[in-house]
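*Asks:* Sharing a structure, written as structure tokens. Questions coming.
The values are calculated or read from the model by the stated rules, or taken from the named source; none is laboratory data. Since this is a predicted model, take the numbers as computed values, not measurements. Reconstructed Cβ throughout: ideal geometry from the backbone, glycine too, with neighbour counts over all protein chains shown.
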Amino acid sequence: MSSIIELTNIARNYVIGSETIHALHSITLSIGKNEYVALMGPSGSGKSTLMNVLGCLDTPSSGEYVLNGHSVAQMADNALAEIRNKEIGFVFQTFNLLPRSTALDNVSLPLVYAGMKKTEREIRAKEVMEQVGLANRMDHKPNELSGGQRQRVAIARALVNKPAIILADEPTGNLDSKTSIEIMGLFEEIHQKGNTIILVTHEEDIAKYAHRIVRLKDGLIESDTPNRDITRVMKKEATV
């Protein structure tokens, strides 16, 4: 399996006053194309910092990061923004939708930044809205949608640029159990279509949908193992 992400000796330090906080220590991690990986760890473990580095939202203090063939560790902000928009689709716990825009306009927003013409944006946005099961909700605004529907809009927005990687940060954190199962089923469908998925979560039940679990503690990788329970979890979902 060829790698889409290669981290080598990544460290991230923050200086607060006279104190230096070592959020990540020498992280080396390889993620292959079309892998489905969960990042886990308690508060303060470094998982959020690692997610920000992986998502090109933050730059490491030292080390090398190669993203889909591009060395990004020392890129300038504008170059990082460009590769982030092209390579990574983000899904957040709080949905991060524009409240006054329709679902369709929210989904097409990344295509505006990509410079796509309006007619092409609309065609592509409608395509992904249908993919996530919201063909009949395109003209609704976020406050007219349920939590699960809002997260589906956010997932469609993440998919619209055809990114190589979907980075999901606690994507079921604001959802009830039944809706969480539906959303995780949608992530599995996306994974089966070829996307690499990186899921950041503190919930064991959600991590079990991933095929590999990386656990962090005190800024270090504590364990990195295949998920032996994935079959059981998927069977359980099928019976709900």
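*Asks:* Looking at region 189-229 only, could you name the residues that are basic (Lys, Arg), out of contact with any Gly (no Cβ under 7 Å at 6 or more places or on another chain) and either surrounded by 14 or more Cβ atoms within 10 Å (Cβ to Cβ) or at pLDDT 95 or above (or both)?
*Replies:* Within region 189-229, LYS208, ARG212 qualify.
*Asks:* Oh, and also: Please specify each residue of region 173-198 satisfying the condition of being without any contact (Cβ under 8 Å) to a residue 40 or more places away in the chain and assigned to a loop (DSSP other than H, G, I, E, B).
*Replies:* Scanning region 173-198 gives LEU175, ASP176, LYS193.
*Asks:* Can you confirm whether region 13-20 contains a residue that is of a type in the set (Asp, Glu), surrounded by fewer than 15 Cβ atoms within 10 Å (Cβ to Cβ) and more than 30 Å from ARG150 (Cα to Cα)?
*Replies:* Checked against the condition, which is being of a type in the set (Asp, Glu), surrounded by fewer than 15 Cβ atoms within 10 Å (Cβ to Cβ) and more than 30 Å from ARG150 (Cα to Cα), region 13-20 yields at least one hit.
*Asks:* Would region 96-117 turn up any residue that is under 16 Å from the mean Cα position of the chain (by Cα) and closer than 29 Å to SER43 by Cβ?
*Replies:* yes
*Asks:* When VAL132 is evaluated against the numbered criteria (1) without any contact (Cβ under 8 Å) to a residue 40 or more places away in the chain; (2) surrounded by 16 or more Cβ atoms within 10 Å (Cβ to Cβ), which criterion, by number, is the only one it fails?
*Replies:* The number of the failed condition is (1).
*Asks:* Just checking, does region 119-127 include any residue being of a type in the set (Ser, Thr, Tyr) and surrounded by fewer than 22 Cβ atoms within 10 Å (Cβ to Cβ)?
*Replies:* yes
*Asks:* Got at least one residue in region 80-92 being among the polar types (S, T, N, Q) and over 20 Å from ILE31 (Cβ atoms)?
*Replies:* no
*Asks:* Let me ask something else. Hey, among ARG121, ARG157, ARG152, which residue is in contact with a Pro (Cβ under 8 Å, 6 or more places away or on another chain) and either among the hydrophobic types (A, V, I, L, M, F, W, C) or closer than 23 Å to LYS193 by Cα (or both)?
*Replies:* Of ARG121, ARG157, ARG152, the one residue that is in contact with a Pro (Cβ under 8 Å, 6 or more places away or on another chain) and either among the hydrophobic types (A, V, I, L, M, F, W, C) or closer than 23 Å to LYS193 by Cα (or both) is ARG157.
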